[in-house]
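Take a look at the structure below.
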Amino acid sequence: MTPPPPSPPFRALTISRRLHTSTYHPTMLWTVVSLLSFAPVMSRSGGGLVDRLMLQRQQQQQQQQQERVVDLSHTLGPDTLFWPGFPGFNLTHLVKGNTSGGFWLEANWISTSEHGGTHLDAPAHFAQGGEHLQDLSVDKFFGPGIVVNASGQAAVNPDFQLGVTDLENWEDQNGRISPQSVVLVNFGWSPRYPDRYRYFNTLTPDDPGTFHFPGIGLQALQWLVQQRDTKLIGVDVPSVDHAQAQNFEGHQFLCAHRIPFVESLTHLDQLPAQGMTVYAVPLSIVGGSGLPVRAFAVVNGAEGMRVWNMWCFLLVWVLAKCL
Ligand SMILES: [Zn+2]
C-alpha cells in the first residue's frame, strides 16, 4: 500500500528543521515563513493557492518598495492666503505672444509677500540678527520625516495646542524620533484652504485677534528642538503657533534657535507616520525672511519593509529553536 504524500505542514516542518544544519539563505527563510504562514490554507486548498499567495506577497513587497511622491504645497496664485496686512501675489505679463521672429514668447513679472501660502520661515523672521534665506545651507531644508496626526484633537478644539504628551504618545507607537528629523503635524486643517473664513476660522479674516486655529505648543517645540534635535518643523495651519498664542512665542523660540519651519502645508493625511524624506526648499534670496516653497515628501516604504523583515526573522528563529 502506497503511503500518502506528506501534507504541506509536514513539508514546512522539514524545511525549517534544516535550518539547524544548513547555511542561512534569505530565500529559504522566506519560503519557510510563507509555508508556515499559509499552512492552514494549504491543507485545505492545495499547493496552487500557495503559489498564488506567494506571488501576491511578492507583488505587495515590490509595491511597498516603490517610491511615492506626495506634493505638500498649495499653488501660489491669486487665491493664496496671506496674513492680514501683507500684500498678496501678483503676476503681470511682460510679454506674451508671437514675436516678429516667428516664435512664441512668454515672460512675467511676479511680486509676493514672503509669508503666504505654503511657505518657510527663516530665523530672521522673528530673531534680530537671525539667518536670512541666503545664510541657510540647502541641507537645512530636507531630512527624514515623521508625521504626528492631531486632526482628531483639532476637530474637537480649534484652539488645540500640540503638547509633549502627544509627541510621547507618537513615540510609544512608532519609536524614538531620530535626531535631525523633519517633524510634520497634521491638524486636518488644509481642506479649509483657500477659504480665508474657514482657514483662519473667523467671521472677520482681517482681524487676527479673532482667529481660531490649532498649533504646536511652546513646550512641545522646546522638547522637539532640545530633546530630539529636530531640524525642520511643518504644519498644515497658517502659523506654527496656535491662533490665540501670545506674541508668537513659538516663532520666537524657533527663530532664536535657528530652526526654520514651514506653514500651510497640505496633503499630510497622505503620508505614513514615518518612512519618508521631506523637502521644503526656498530660493536663496538675499535678505529674505521667508518664502513660498514647493514642499514634497518621497515615501519609500523602506521602514515598513524593515519591520516586516524583522518579524519574519524572529518567527523563523523561534520556530528553528522550538522544532
Ligand atoms: Zn511665516
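Picking from residues in the range 245-274 that are closer than 17 Å to ILE146 by Cα and not in a loop (DSSP other than H, G, I, E, B), the one that is nearest to the ligand (Cβ to nearest atom) is GLU263. Residues satisfying the criterion are present in the range 216-237 (criterion: in a loop (DSSP other than H, G, I, E, B), among the hydroxyl-bearing types (Ser, Thr, Tyr) and without any contact (Cβ under 8 Å) to a residue 60 or more places away in the chain). Take GLY145 and decide whether it is part of a loop (DSSP other than H, G, I, E, B), modelled with pLDDT of 95 or more and surrounded by 12 or more Cβ atoms within 10 Å (Cβ to Cβ). So GLY145 does not fit the description; no.
Test LEU136 against the criterion of being within 24 Å of ALA273 (Cα to Cα) and either within 15 Å of the ligand (Cβ to nearest atom) or in contact with an Asp or Glu (Cβ under 6 Å, 6 or more places away or on another chain) (or both), and give yes or no. Taking the combined requirement at face value, the residue does not satisfy it. Scan the range 70-98 for residues that are in contact (Cβ under 8 Å) with a residue 60 or more places away in the chain, under 30 Å from ILE146 (Cα atoms) and within 16 Å of the ligand (Cβ to nearest atom) and jot them down. Listed by number, the residues that qualify are LEU72, SER73, HIS74, LEU76, THR80, LEU81, TRP83. When GLY234 is tested against the conditions (1) over 26 Å from ARG176 (Cβ atoms); (2) within 16 Å of the chain's Cα centre (by Cα); (3) small (Gly, Ala, Ser), the lone failure is (1).
Screening the range 99-125 for residues that are surrounded by fewer than 20 Cβ atoms within 10 Å (Cβ to Cβ) and within 13 Å of the ligand (Cβ to nearest atom) and picking the one that is nearest to VAL281 (Cα to Cα) gives GLU114. Note on the range 165-205: residues that are farther than 28 Å from ALA256 by Cα, in contact (Cβ under 8 Å) with a residue 40 or more places away in the chain and charged (D, E, K, R) total 1.
Within the range 286-309, the set of residues being modelled with pLDDT of 60 or more, of a type in the set (Gly, Ala, Ser) and more than 16 Å from the ligand (Cβ to nearest atom) comprises ALA297, GLY301. Listed by first and then second residue, the pairs linking a residue in the range 116-141 that is on the phi < 0 side of the Ramachandran plot and in a helix (DSSP H, G or I) to a residue that is more than 10 Å from the ligand (Cβ to nearest atom) and among the β-branched types (Val, Ile, Thr), with Cβ atoms under 8 Å apart and 6 or more places separating them unless they lie on different chains, are PRO123/ILE259; LEU133/ILE285; LEU133/VAL286; GLN134/ILE285; GLN134/VAL286; VAL138/VAL281; PHE141/VAL281; PHE141/VAL293. In the condition set (1) in contact with a helix residue (DSSP H, G or I) (Cβ under 6 Å, 6 or more places away or on another chain); (2) at pLDDT 95 or above, CYS312 is compliant with all but (2).
The values are calculated or read from the model by the stated rules, or taken from the named source; none is laboratory data. Note that the structure is a prediction, hence the values are computed from the model and not measured. Methodologically, a virtual Cβ is constructed for each residue, glycine included, from the backbone with ideal geometry; neighbour enumeration extends over all protein chains shown.
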